[in-house]
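In what follows, a single structure is set out as structure tokens and then discussed.
The values are calculated or read from the model by the stated rules, or taken from the named source; none is laboratory data. Quick caveat, the model's predicted, so the values are computed rather than measured. Neighbour counts run over all protein chains shown; Cβ positions are idealised from the backbone, glycine included. We work out accessible area using only protein heavy atoms, side chains counted, and drop any ligands, DNA or RNA first. Shrake-Rupley method; radii C 1.70, N 1.55, O 1.52, S 1.80 Å.
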Amino acid sequence: MPDRLDITWIVLIGLALATILVPPLVSRALFANALLLTFAALKGRRIVLDFLDLRSAPALWRGSVSAWVFIVVLFAWLASAVVALI
């Protein structure tokens, strides 16, 4: 039976493959950027929880680091939205 890190590796590889497939399949740039950044946020959160071992850390640390990942992704998406609107 695979352990948590094996499952995380499989998820990360699946998200990486999905990241490769998005640009040719999605024609709207803003939606494609949102999708790619969502994949990046999911990958970042899995890495933080499983490889930096925050899954067993107190909820405050998990929440803070997860919020930081999502805030960085949100700013990146906002930057891409501004560029698309200009």
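Couple of notes before you dig in:
- Total residues in segment 68-81 satisfying the condition of being farther than 24 Å from residue 10 by Cα and either assigned to a loop (DSSP other than H, G, I, E, B) or open to solvent by less than 70 Å² (accessible area, probe 1.4 Å) (or both): the figure is 4.
- Pairs with Cβ under 7 Å, 6+ apart, first in segment 25-45 and over 24 Å from residue 67 (Cβ atoms), second part of a helix (DSSP H, G or I): 26/32; 26/35; 29/84; 32/22; 32/23
- Just one of the listed residues (16, 29, 40) is at pLDDT 90 or above, of a type in the set (Gly, Ala, Ser) and closer than 21 Å to residue 84 by Cα, and it is 40.
- For residue 32: the one exception among (1) in contact with a Pro (Cβ under 8 Å, 6 or more places away or on another chain); (2) open to solvent by 80 Å² or more (accessible area, probe 1.4 Å); (3) not aromatic (Phe, Trp, Tyr): (2)
- Some residue of segment 18-29 being on the phi < 0 side of the Ramachandran plot and within 12 Å of the chain's Cα centre (by Cα): yes
- Residues of segment 52-67 classified as open to solvent by less than 40 Å² (accessible area, probe 1.4 Å) and of a type in the set (Ser, Thr, Tyr), total: 1
- Of 83, 11, all but one fail to be of a type outside the set (S, T, N, Q) and within 18 Å of the chain's Cα centre (by Cα); the exception is 11.
- Matching entry among 49, 17, 12 (being part of a helix (DSSP H, G or I), open to solvent by 70 Å² or more (accessible area, probe 1.4 Å) and not β-branched (Val, Ile, Thr)): 17
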